[in-house]
Amino acid sequence: MNREPNRIEIRELTKDYGTTRVVDHLTFDVLPGRVTGFLGPNGAGKSTTMRLLLGLDRPTAGTATIGGIRFADLRDPLRQVGALLDPQAAHGGRTARDHLLALAVSNGIAAARVDTVLERAGLASVARHRVKTFSLGMRQRLGVAAALLGDPGVLLLDEPTNGLDPEGIIWIRELMRSLAADGRTVLVSSHLMAETASFVDHLVVVGQGALLADLSMKDFIDSRSTPRARLRTSDPDRLRAALAREGFEPVNAADGCWTVDGIRAEQIGSLAAREGVPLLELADERASLEQAYLELTAARAQFSATLV
């Protein structure tokens, strides 16, 4: 059977540490051509799942493969899979260029590729500086450069925005989008909901090692949102009467707009057009990714606090 070489397949993946189950019969796919966000509370099993996929740990049961092949059995792993799990992994006494050059030489990658990824990561000007002098954000960039070294079709990035300044966050966001647009598979673990919402296409959400959701970003938010529309009109009396006839009660907001529960913006647009009522503003109000995520995972968080 022919398989997509860049498709990640997790099947009934399970990992126990003693009597503690960290990953619990997890099954999902990560497809090429889109950025997939891998979300879950602390202790949900995200990092363990990535380690199992990369052969850094052995599963208790189940499989984690790339194109149907275990990472340990890939012919040229660095050319097929790039990963950022620990930005502190580089030896502090080496220069950034020497760190990448050692990886390149040991994996049969041309030395010229080192300069290419240093440039792409924004580290060309500090390529001969020792890693121990780097900030966390610079180490993060170096980790991304190492992941890109083999020009792989699959990227696994664990908290890639950690330590980055605003310019760096924009850079990593655009990089992930461009990699997916090239047809690569991009799996990104993150706990920063607002930032995640700006670049992911699809979401895989886990809690206590089990799968909670596997949906597009839009479908995930819609599934956790109650329909509500926000509007502003120059003829509020007529629109209020028209909405009332359909069973909806608009609520006047402090800024001069109205909100209407239980209805989508497109339905109000059609109603207003039919009644000849001008609309000055009209939009759906949906839950944010953070709100939808917290609602789904509240019962699955390992640690939670109570406000007093």
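Residues of the range 92-101 include at least one that is under 25 Å from Met176 (Cα atoms) and touching a Lys or Arg at 6+ places or on another chain (Cβ under 7 Å). Scanning the range 148-171 for residues that are assigned to a helix (DSSP H, G or I), among the hydrophobic types (A, V, I, L, M, F, W, C) and over 12 Å from Arg120 (Cα atoms) turns up Ile169, Ile170. Any residue in the range 172-192 that is surrounded by fewer than 22 Cβ atoms within 10 Å (Cβ to Cβ), touching a Gly at 6+ places or on another chain (Cβ under 9 Å), assigned to a loop (DSSP other than H, G, I, E, B) and hydrophobic (A, V, I, L, M, F, W, C)? Looking through the range 172-192, none of the residues is surrounded by fewer than 22 Cβ atoms within 10 Å (Cβ to Cβ), touching a Gly at 6+ places or on another chain (Cβ under 9 Å), assigned to a loop (DSSP other than H, G, I, E, B) and hydrophobic (A, V, I, L, M, F, W, C).
Would you check if Asp182 is modelled with pLDDT of 95 or more and either among the acidic types (Asp, Glu) or farther than 16 Å from Leu85 by Cα (or both)? Step through it out loud before you land on a result.
Numbers: modelled with pLDDT of 95 or more: yes; either among the acidic types (Asp, Glu) or farther than 16 Å from Leu85 by Cα (or both): yes.
Yes: the conditions hold for Asp182.
So how many residues does the range 180-200 have that are in contact (Cβ under 8 Å) with a residue 60 or more places away in the chain and closer than 19 Å to Met50 by Cα? Final tally of qualifying residues: 11.
So Phe220 clears everything in (1) assigned to a helix (DSSP H, G or I); (2) surrounded by fewer than 18 Cβ atoms within 10 Å (Cβ to Cβ); (3) touching a residue at least 40 places away in the same chain (Cβ under 8 Å) except one condition, right? Which one? For Phe220, the exception is condition (2). Of the set (1) modelled with pLDDT of 95 or more; (2) within 28 Å of His191 (Cβ to Cβ); (3) of a type in the set (A, V, I, L, M, F, W, C), all apply to Leu136 but (1). Looking only at residues of the range 239-248 that are in a loop (DSSP other than H, G, I, E, B) and in contact with a helix residue (DSSP H, G or I) (Cβ under 9 Å, 6 or more places away or on another chain), we find that the one that is surrounded by the fewest Cβ atoms within 10 Å (Cβ to Cβ) is Glu246.
Considering each of Ser216, Ser288, Ser223, Ser189 in turn, give the residue that is of a type in the set (Ser, Thr, Tyr) and closer than 30 Å to Thr19 by Cβ. If you could, list the steps in order and put the result at the bottom.
Working: Ser216 fails: closer than 30 Å to Thr19 by Cβ; Ser288 fails: closer than 30 Å to Thr19 by Cβ; Ser223 fails: closer than 30 Å to Thr19 by Cβ.
The unique qualifying residue is Ser189.
Is at least one residue of the range 225-238 within 24 Å of the chain's Cα centre (by Cα), within 30 Å of Glu12 (Cβ to Cβ) and either surrounded by 12 or more Cβ atoms within 10 Å (Cβ to Cβ) or at pLDDT 90 or above (or both)? No, the range 225-238 contains no residue that is within 24 Å of the chain's Cα centre (by Cα), within 30 Å of Glu12 (Cβ to Cβ) and either surrounded by 12 or more Cβ atoms within 10 Å (Cβ to Cβ) or at pLDDT 90 or above (or both).
Return the total of residues in the range 45-73 being assigned to a helix (DSSP H, G or I) and not acidic (Asp, Glu). First the steps, then the outcome.
Restricting attention to the range 45-73, the residues satisfying the condition of being assigned to a helix (DSSP H, G or I) are 46-53, 71-73.
Filter once more, so that each one left must be not acidic (Asp, Glu): 46-53, 71-72.
So the answer is 10.
The values are calculated or read from the model by the stated rules, or taken from the named source; none is laboratory data. As the structure is a computational prediction, the values presented were derived from the model and not from experiment. Using ideal geometry, Cβ is built from the backbone for each residue, glycine included, and neighbour counts are taken over all protein chains shown.
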